[in-house]
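Okay, structure first, notes after.
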């Protein structure tokens, strides 16, 4: 059985995935700036933001607990797509993703004292062509404003709109949980 860790995230999806994996945890979250320096690769952006989350919590909790932080971004071509700011933004993002392949990158940082495990997990997702009506229905019903790329794979749009997925499904939900569990065990 694993020792209790600190999850530096308020994502209900990350909480659910750790519960499914039977990893005991407490949630401690500190507000952190999600801006990043220019010139980072998309993998490094996700790790950079996750590291800032982990360090902010570690500053308050000390070096004893194991801290898990993650950040998920969506990448279409060379563009990093964050969380939509309003309805029109969400519709616009989903129109851009319609019929296209994109990458979902989750940066994971696990810290205990000065020891750090950091990695990015990448999943490629391809949407079917989605109509404006389908997109508007999804945005109006599910309000995906807290989700990078303006969608959740486990909701209606993922069930009916995704053509293919290559990589870890749970990574798209927000945490490559099997890889995380192995990394935690290695500590």
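The values are calculated or read from the model by the stated rules, or taken from the named source; none is laboratory data. Here the structure is a predicted model, which means the values were calculated and not measured. Here Cβ is always computed from backbone atoms with ideal geometry, including for glycine, and neighbour counts include all displayed protein chains.
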Residue 68 - would you say it is within 16 Å of the chain's Cα centre (by Cα), within 18 Å of residue 180 (Cβ to Cβ) and modelled with pLDDT of 95 or more? yes
Worksheet item: Is it the case that residue 82 is on the phi > 0 side of the Ramachandran plot and either in contact with a helix residue (DSSP H, G or I) (Cβ under 6 Å, 6 or more places away or on another chain) or surrounded by fewer than 18 Cβ atoms within 10 Å (Cβ to Cβ) (or both)?
Response: no
Over region 15-41, the set of residues at pLDDT 95 or above, surrounded by 14 or more Cβ atoms within 10 Å (Cβ to Cβ) and closer than 14 Å to residue 57 by Cβ is 25, 27, 28
Open item on the list: Suppose the filter is on the phi > 0 side of the Ramachandran plot and either in contact with a helix residue (DSSP H, G or I) (Cβ under 8 Å, 6 or more places away or on another chain) or modelled with pLDDT of 95 or more (or both); does residue 167 pass it?
Closed with: yes
Among (1) over 13 Å from the mean Cα position of the chain (by Cα); (2) in contact (Cβ under 8 Å) with a residue 24 or more places away in the chain; (3) surrounded by 14 or more Cβ atoms within 10 Å (Cβ to Cβ); (4) under 20 Å from residue 134 (Cβ atoms), residue 96 falls short only on (2)
Condition set within 30 Å of residue 58 (Cα to Cα) and not in a strand (DSSP E or B), scope region 78-120, selection modelled with the lowest pLDDT: answer is 82
Check: So is residue 175 assigned to a loop (DSSP other than H, G, I, E, B) and more than 14 Å from residue 91 (Cα to Cα) or not?
Finding: yes
How many residues of region 12-68 are assigned to a loop (DSSP other than H, G, I, E, B), within 17 Å of residue 184 (Cβ to Cβ) and touching a residue at least 24 places away in the same chain (Cβ under 8 Å)? The answer is 7
Looking across region 121-158 at residues that are within 14 Å of the chain's Cα centre (by Cα) and assigned to a loop (DSSP other than H, G, I, E, B), the single one that is surrounded by the most Cβ atoms within 10 Å (Cβ to Cβ) is 151
